[in-house]
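Structure first, commentary second.
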Amino acid sequence: MGFQDTNSGSDIVEIEKPQYRPDLDIDERDRDLLRRQQELEELDGETKLNWEMIKKLTVCGVAFLNDAYDMFAINIVAMILGFVYYHDVEGSEQNAVPKKWDTLIKIAVQIGCLLGQLVMGRLGDKVGRTTVYSASLMIAIITTIASAFSSNMVKGFNVFIVLFIWRVLLGFGIGGDYPLTATIVSEYSSVHNRGKMISAVFSCQGFGNVLAPIIGIIVTACFKNSIDRDVEYLDY
């Protein structure tokens, strides 16, 4: 309900906000927009956490944790690749990925993120944020799995080029998460909890950053004996 001053400046007239009326003969898209507006107004009136807020917060938080893990795990992966593919090189370059390949695989996600934010953010406004957000998560999941299977499988493409391609696509999915997550969390949070919700979701990136090296250390420690016998076990 809104208020408007009259010309005299002394009286205030109440103006009714348009309410969702399912019986009205309106376009289906307009009906969805009105229903959506009513849902958001009800959420704004909430002062406590509800199930919808918790569900969205959890999904977005886990996605951000996974994004940060994927982004920063490449630092450990690059060291492992050095031991796998350059263990027989002599001199100071032994067990180290050449700088050109090291740089290539480390900037891949950032390139994809830039493109993903521009494209997926725009698509979110056109197609629908929830739909595009789900597509972003699927892209990130699929390309993460594909990155793990990168190898010299195509003639003329070594493992670093293949990994670069998959990580650019991974970055594209991650880039879509950034603008859409902030918007979705804002929409499903009440005005009383919005700042805390967004801060909580974005803080999950820090946990992903910490988990990447910890899990890398734990996994390599579990297979220490096999790696000592044959360093190429790191590739598995």
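Provide Leu114, Leu163 ordered by accessible surface of protein heavy atoms (probe 1.4 Å), highest first.
On the way: Leu114 110, Leu163 15 Å².
So, going from the largest accessible area down, we get Leu114, Leu163.
When nucleic acids and ligands are ignored and a 1.4 Å probe is applied, Arg122 ends up with an accessible area of around 140 Å².
Once all protein chains are placed together, Arg31 keeps about 40 Å² accessible to a 1.4 angstrom probe. Seen from every direction in turn and averaged, the convex hull around the alpha carbons of the range 59-125 projects onto 5.6 nm². 3J(HN,Hα) along the range 218-226: 5, 5, 5, 5, 5, 10, 4, 4, 5 Hz, from the Karplus curve 6.51 cos²θ - 1.76 cosθ + 1.60 with θ = phi - 60°, whole Hz, x for Gly and Pro.
FRET efficiency for the Asn75 to Asn152 pair, using the beta carbon distance and R₀ = 22 Å, is estimated at 0.50. Modelled spin labels at His87 and Lys99, positioned 7 Å past Cα toward Cβ, are 2.7 nm from each other. The accessible-area ordering, largest first, of the residues Leu34, Leu170 stands as Leu34, Leu170, per a 1.4 angstrom probe.
Cross-link check: pairs Lys155/Lys224; Lys99/Lys155; Lys106/Lys126; Lys106/Lys155 evaluated at a Cα-Cα cut-off of 27 Å; pairs beyond the cut-off: Lys155/Lys224; Lys106/Lys126.
Label point of Lys126 set 7 angstrom out along Cα-Cβ; within the range 169-194, amide nitrogens under 16 Å from it belong to 176. Asp125 contributes an accessible area of around 100 Å² to the protein surface, as traced by a 1.4 Å probe with all chains present. Please identify which residues in the range 132-151 have an amide N closer than 13 Å to a label point set 7 Å out from the Cα of Cys222, following the Cα→Cβ vector. Hits in the range 132-151 for Cys222 at 13 Å: none. With a 1.4 Å probe rolled over the protein heavy atoms of all chains, the accessible area of Thr103, Thr143 falls in the order Thr103, Thr143, largest first.
The values are calculated or read from the model by the stated rules, or taken from the named source; none is laboratory data. Fair warning: this is a prediction, and the values are worked out from it, not measured in the lab. Cβ sites come from the backbone with ideal geometry, for glycine too, and all protein chains shown count toward neighbours. Note: accessible area is taken over every heavy atom of the protein model, side chains too, but ligands, DNA and RNA are not part of it. Shrake-Rupley method; radii C 1.70, N 1.55, O 1.52, S 1.80 Å.
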